[in-house]
Amino acid sequence: MSFFLIFLAFLLALYIGFYLFLSREMKKEENSIVDLFLKKAGKVPALVEVMRPYVDKKEAFARLIEIHTEVMIESTRSIYDILEHNMRLQDQFSFLMKLSMQIPELQKQEYFVYIRDFIIEYERVMRSRFKKTNAAIARWNKFVMIKNYTGIGFFLPGKDQAEII
């Protein structure tokens, strides 16, 4: 009987250790993606101000400003909150980048080049962050599966997570 209790205590301690480590790892990956996204969203006002003198039709910025306002007002605490916002922002950035290709003077403007390069680098970094996050989610899901195969696992917290991409 005492062997069983010791084994049960060992399993519980092991579970708590893995639970804390893996949940902290997932939260860290998620926070890094949210921080990167907020940096990207923070570039919107600067991009608009840099491009405004070169663009005749000010309506070109209306949709981007509207999306930026939504992003800043709504909650962006998890990856799932920002995926749609990022897609919509990226569509508008792509539109403005295509528009900027028709304005040679703008391509020489240093701050515009900095913002353009930041956005290009952002997309590359996000792809690698999503891969790391998906790996963390896969480890978490494996942990939950193993936890659920033990009898005590059904009484302890932890549920499957969906992969991002």
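The values are calculated or read from the model by the stated rules, or taken from the named source; none is laboratory data. Remember, predicted model here, so these are calculated numbers, not experimental data. Cβ sites come from the backbone with ideal geometry, for glycine too, and all protein chains shown count toward neighbours.
Points worth noting:
- Within region 85-118, the set of residues being assigned to a helix (DSSP H, G or I), aliphatic (A, V, I, L, M) and more than 13 Å from L64 (Cβ to Cβ) comprises M87, L106, V113.
- Test: M101 is surrounded by 12 or more Cβ atoms within 10 Å (Cβ to Cβ), over 30 Å from N141 (Cβ atoms) and of a type outside the set (F, W, Y): no
- Conditions (1) among the hydrophobic types (A, V, I, L, M, F, W, C); (2) crowded, with 16+ Cβ neighbours inside 10 Å; (3) modelled with pLDDT of 80 or more; (4) out of contact with any His (no Cβ under 7 Å at 6 or more places or on another chain); number of the one not met by A13: (2)
- Pairs where the first residue, in region 4-22, is touching a residue at least 40 places away in the same chain (Cβ under 8 Å) and under 13 Å from I146 (Cα atoms) and the second is surrounded by 13 or more Cβ atoms within 10 Å (Cβ to Cβ) and of a type in the set (F, W, Y), C-beta under 6 Å, 6+ apart: F18/F143
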